[in-house]
Amino acid sequence: MPIDSDTFRRAESVATKTFSLSADPPIFSSGSGVRLSTSEGRTYLDFAAGSGVSNVGHGNPAVLAAVQAQLQSGITHIGPHFHASVQARFFEEMLQVLPGDLTRLHPATNGSEATEIALKACMHYTGARTFLAFTGGYHGRTLGALAVSHAKGSNAGLGPFSPATEFVPYPDSNDDGDSAAATAVRSISRRAGDAPPLAGVIVEPIQATAGVAIPPAGFLEAVATAARESGVPLILDEIFTGFGRTGHLFACRSSGVIPDLLLMGKSMGGGFPGGLVAGREEIMSAWPRGAQSSTFQLHPVTAAAGRAALRYLIDQDLCARARLIETWFASHRAALCASPLTREWRGAGAMFGLELRSVAGVSCGEVARLTRLAALHRGLLTWECGTRSEVMGLMPPLIASEREVADACGRVRDALSEVETRLLGEPAR
Ligand SMILES: Cc1ncc(COP(=O)(O)O)c(C=O)c1O
């Protein structure tokens, strides 16, 4: 039965969901592949993928079968002191795909908890209390994760934050990256006499929340080299970029950077909540027994879904598919950049962002909101990102076809025309 708007508004007010686009958002009742549908029968192309989670698509049959089998086993919870066989198998398969000597795993219930675990592991290992992180970085909303996130949003006034964090510039895609890399390298390896020692460096290979900020080649390598030579653990946050999103199982594979700790979440659980830290043995075992646990860490259903999603990703070669999606997206660049509202179109794999500009006295964030709303009215779900919410994120499931990418880009073009007419009058062309 359709949900009436009063019921929805009540749910919004008691369940603290916030939807920034309109007071009348769609309420979904089913999903399949790249599409979500409402009970009224309206279907949307999902290019938000639940904030970059649904990499293997909605209602993926392999994931559903694995979840059903796990439910049938009678184990829906085992707690942090025992392993269910499904968890052991998941860990085993993860170890086979992880880079370098990341041989020790610690499960979490979500991405923020994975960040917290990594921070604590580094603090126990080094004895230091200060982190180096990057402008625009986002690592979660719990207090420790917030401390190392530059993007604190409306929590910015809650400081002082702990652990102490020094922020250095993350290059944007138009930057040559050399000066950002030099600043980071200096901050890691040439610490002034009174500067506190570093417990770790935390960085995203591509910043999603900051609006798909892609550092130039060589930036991550320079940061990783400086960290390694200085004996400072490098935490690579692949919570968004992992599991094929950028066209590689992990984005670090494209740069050859192997971190000391790798953070996973989002798509890792095949649509179910979960997080994971993979790290080098000596860092992950430096803490005393009992230093970290949580009751639901890696839920058995998440392990079943995550294992099925990982296998599907590999069997169907969705990393190659994400690289194809990148070329399909790229072929729409000229059309999308022709709009006077567009500032930049950038991305990697199945992770693209359309940055909007301020026009006619309307802020870039508002132009992006209006464009995303117009896209929503055309049946396209997009993802809000950018430090000023000025970027329309397009993050489809990795199973999206060329036709679906073209369809989505067509809807974005139409949305841009609508907003352009509204803000600037009839387009001249
Ligand atoms: C790069 C990155 N790290 C950490 C997080 C936090 O993950 P979660 O929302 O599951 O706590 C996010 C979420 O958007 C993220 O994009």
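The values are calculated or read from the model by the stated rules, or taken from the named source; none is laboratory data. Only a predicted model underlies this, so the values are computations on that prediction, with no experimental measurement involved. Methodologically, a virtual Cβ is constructed for each residue, glycine included, from the backbone with ideal geometry; neighbour enumeration extends over all protein chains shown. Just so you know, the surface numbers come from the protein's heavy atoms only, side chains and all, with ligands and any DNA or RNA stripped out. Shrake-Rupley method; radii C 1.70, N 1.55, O 1.52, S 1.80 Å.
So here's what we get for this one:
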item: Environment charge at residue 400 (Cβ cut-off 13 Å; Lys +1, Arg +1, Asp -1, Glu -1); result: 0
item: Gain in span if fully extended, residue 294 to residue 358, counting 0.36 nm per residue against the direct Cα distance; result: 18.5 nm
item: 17 Å cut-off, amide nitrogen to a point 7 angstrom out along residue 327 Cα→Cβ, residues in the range 389-407; result: 399-406
item: Solvent-accessible area per residue for the chain (1.4 angstrom probe, square angstrom); result: 43
item: Probe 1.4 Å, all protein chains present, accessible-area order of 82, 28, 8, largest first; result: 82, 28, 8
item: Radius 12 Å from Cβ of residue 357, net charge of other residues (Lys, Arg +1; Asp, Glu -1); result: -3
item: Virtual spin-label span in nm between residue 101 and residue 6, 7 Å along Cα→Cβ; result: 6.6
item: Estimated distance in nm for a label pair at residue 194 and residue 30, the labels positioned 7 Å out from Cα along Cα-to-Cβ; result: 6.7
item: Portion, in percent, of the accessible area of the range 324-399 that falls on carbon or sulfur, probe 1.4 Å; result: 52
item: Beta bridges by DSSP in the range 61-315, antiparallel share as percent, to the nearest 5; result: 40
item: Loop-located trypsin sites (Lys or Arg not before Pro) in the range 272-340 whose Cβ has at most 12 other Cβ within 10 Å (DSSP); result: 289
item: Leading residue at positive end of dipole, the range 61-315 (Cβ point charges), from 251, 138, 285; result: 285
item: Electrostatic dipole magnitude of the range 180-270 [Cβ: Lys, Arg +1; Asp, Glu -1; Cα centre; debye, to 20]; result: 80
item: Accessible carbon and sulfur surface of the range 61-315 relative to its total accessible area, %, 1.4 Å; result: 53
item: Relative contact order (percent, whole number), the range 106-207, Cα cutoff 8 Å, 6+ residue spacing; result: 34
item: Counting DSSP beta bridges with both ends in the chain, the antiparallel % (nearest 5); result: 65
item: Normalised contact order of the chain, rounded percent, pairs of Cα under 8 Å and 6 or more residues apart; result: 21
item: Paramagnetic reach from residue 23 in the range 365-409 [backbone N under 13 Å; point 7 Å along Cα→Cβ]; result: none
item: Size of charge dipole - the chain - debye, nearest 20, with Cβ of Lys, Arg +1 and Asp, Glu -1, no other charges; result: 320
